[in-house]
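Take a look at the structure below.
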Amino acid sequence: MRIANSKTDHGHYWSPVTRRLTPYVPGEQPKLGNLVKLNTNENPYGPSPRVLAAIQAELSDNLRLYPDPNAERLKQTIADYYDVTPAQVFVGNGSDEVLAHVFHGLLQHSTPLLFPDITYSFYPVYCGLYGIDFATVPLAEDFTLRVADYPRPNGGIIFANPNAPTGCLLSLAGIEWLLERNRDSVLVVDEAYIDFGGETAIPLVDRYPNLLVTQTLSKSRSLAGLRVGLAVGHPELIEALERIKNSFNSYPLDRLAIAGAVAAFEDREYFERTRQAVIASRTTLVAALAGLGFDVLPSAANFVFARHPRRDAAALAAALRERHVIVRHFRLPRIEQFLRITVGNPEQNAALLAALGQILREVEACD
Ligand SMILES: *Cc1c(COP(=O)(O)O)cnc(C)c1O
């Protein structure tokens, strides 16, 4: 018997499903220190000190016990925060896990799932994992989402709002327009970045039983390392997610994650202050990038999506990397000349702008 070792019979023992997968490629988490890391939309400010204290307090002998499988305390906290009931709240190990359960439990139907041609690149990956048929709907020329392109037979609709990686925001009126015309399938709004400039659609869940809103504590609450995500919607949608979750992993949130996440929602003052700091930095960054000649899409997120009319994006990203600044570049149709740059703190943004200024001057000197 031969052991699989060549590209052609890669994965000798793999199941057919595994052979067919094209996994998501997360942004680089470099091992090197002192890099200006603006590639994965993490928050430049640390989590609330109250979060750290709550996690410390949870570090005890109790770790020998399983956590609450339903994370009731966290669900209640989120329910209070958004003025809904705990039965309308689902929590998971990062919103990526929540989204996986959403695809598995709510979006797999005989008609194709719809999402924009440019959006979170994990969506087609989940479709591959769960065998979901999908169709992409092109964004407008200016990268905004045209809701009028969506009302048609579908097995569900999902988009990020603000969208990723563009940062463009769809108004609540736009979402409601679509909900009025799409009653027979679930509409999922992925609000990973909503706290940086949009209005959450959560208040609409009481009126639209097919609306599911997902959020994460990774971005606006600085807890990417803790892995907590959530969904809010009609209890029937939440029950579907619970059924999937309890058929997969009963304890997706550990004791530390539950304690930290509760404290993150409770410390409203810290949340508000750091959120406003990121928003203020974004305004400064957008103006400075425009000053360097970049076209910058209007962003409601903690990143900006920018292209230089005369400079190749891949080359810019490589030159930035040589100067220890990392940003994200997607080699994908329509957006290959864009860079997605996370809004850092003022020092990180200054380092990015200094490096870009140098790179642009050097190239100009060679022209
Ligand atoms: C970051 C991100 C997520 C995932 O967040 P986690 O909670 O860290 O898994 C989901 N959707 C979008 C659009 C994101 O950018």
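Table for the structure above
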{"quantity": "Those chymotrypsin sites (Phe, Trp or Tyr not before Pro) in the range 237-281 that DSSP places in a loop and that have at most 15 other beta carbons within 10 Å", "calculated": "F248"}
{"quantity": "Ascending count of other beta-carbon atoms within 10 Å, so fewest first, for Y66, Y251", "calculated": "Y66, Y251"}
{"quantity": "Rh by Kirkwood over Cα pairs, then Stokes-Einstein D for the range 142-294 at 1.306 mPa s and 10 °C, µm²/s", "calculated": "91"}
{"quantity": "Cβ-based exposure ranking for Y24, Y13, in which fewest neighbours within 10 Å come first", "calculated": "Y13, Y24"}
{"quantity": "Unit charges on C-beta of K, R, D, E only; dipole of the range 275-346, Debye", "calculated": "120"}
{"quantity": "Signed unit charges on C-beta, dipole axis of the chain, positive-most listed residue S185, S48, T22", "calculated": "T22"}
{"quantity": "Derived scalar couplings ³J(HN,Hα) [the range 261-275; Karplus, 6.51 cos²θ - 1.76 cosθ + 1.60; whole Hz; x for Gly, Pro]", "calculated": "5, 4, 5, 4, 6, 6, 8, 5, 5, 5, 4, 5, 5, 6, 4"}
{"quantity": "Rh by Kirkwood over Cα pairs, then Stokes-Einstein D for the range 251-335 at 0.890 mPa s and 25 °C, µm²/s", "calculated": "154"}
{"quantity": "Most positive-pole-ward Cα, Y123, P203, G33, against dipole of the chain from beta carbon charges", "calculated": "G33"}
{"quantity": "Exposure proxy order (Cβ contacts within 10 Å, fewest to most) of R310, R340", "calculated": "R310, R340"}
{"quantity": "Cα centre as origin, Lys/Arg/Asp/Glu Cβ charges: the chain dipole, Debye", "calculated": "940"}
{"quantity": "Globularity index of the range 49-266, i.e. its alpha-carbon radius of gyration over 2.2 N^0.38 Å", "calculated": "1.00"}
{"quantity": "Unit charges on C-beta of K, R, D, E only; dipole of the range 49-266, Debye", "calculated": "300"}
{"quantity": "3J(HN,Hα) from dihedral phi, the range 208-221, Karplus parametrisation 6.51/-1.76/1.60, rounded to Hz, x for glycine, proline", "calculated": "10, x, 9, 9, 10, 10, 10, 9, 9, 8, 6, 9, 5, 10"}
{"quantity": "Per-residue HN-Hα couplings for the range 15-22 [Karplus 6.51, -1.76, 1.60; θ = phi - 60°; Hz; x = Gly/Pro]", "calculated": "6, x, 4, 4, 4, 7, 5, 10"}
{"quantity": "Under 5 Å, built H, 5+ apart or other chain: amide partners of A160", "calculated": "Y120, D190"}
{"quantity": "Tail beyond 19 Å, pair distance distribution of the range 93-205 (Cα, percent)", "calculated": "41"}
{"quantity": "Spatially near lysine pairs across the chain, Cα under 28 Å, sequence gap of 8 or more or different chains", "calculated": "5"}
{"quantity": "All Cα pairs of the range 1-159, percent lying beyond 21 Å", "calculated": "69"}
{"quantity": "Under-5 Å amide H pairs with L113, H placed in peptide plane, nonlocal only", "calculated": "D133, F134, A135, G155"}
{"quantity": "H109-L332 pseudo-label distance in nm [points 7 Å out on the Cα-to-Cβ vector]", "calculated": "2.4"}
{"quantity": "In range of the label at R310: residues from the range 316-354 whose backbone nitrogen is under 16 Å from the point 7 Å along Cα→Cβ", "calculated": "316"}
{"quantity": "Ratio of the Cα radius of gyration of the chain to 2.2 N^0.38 Å, where N counts its residues", "calculated": "1.03"}
{"quantity": "FRET efficiency estimate (nearest 0.05) - Cβ-Cβ, D80 to R243, R0 25 angstrom", "calculated": "0.50"}
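No lab work stands behind these numbers, since they all come straight from the coordinates. Since the model is a prediction, treat every value here as computed from it, not as a measurement. Positions of Cβ are generated from backbone atoms using ideal geometry, with glycine treated the same way; all protein chains shown enter the neighbour counts.
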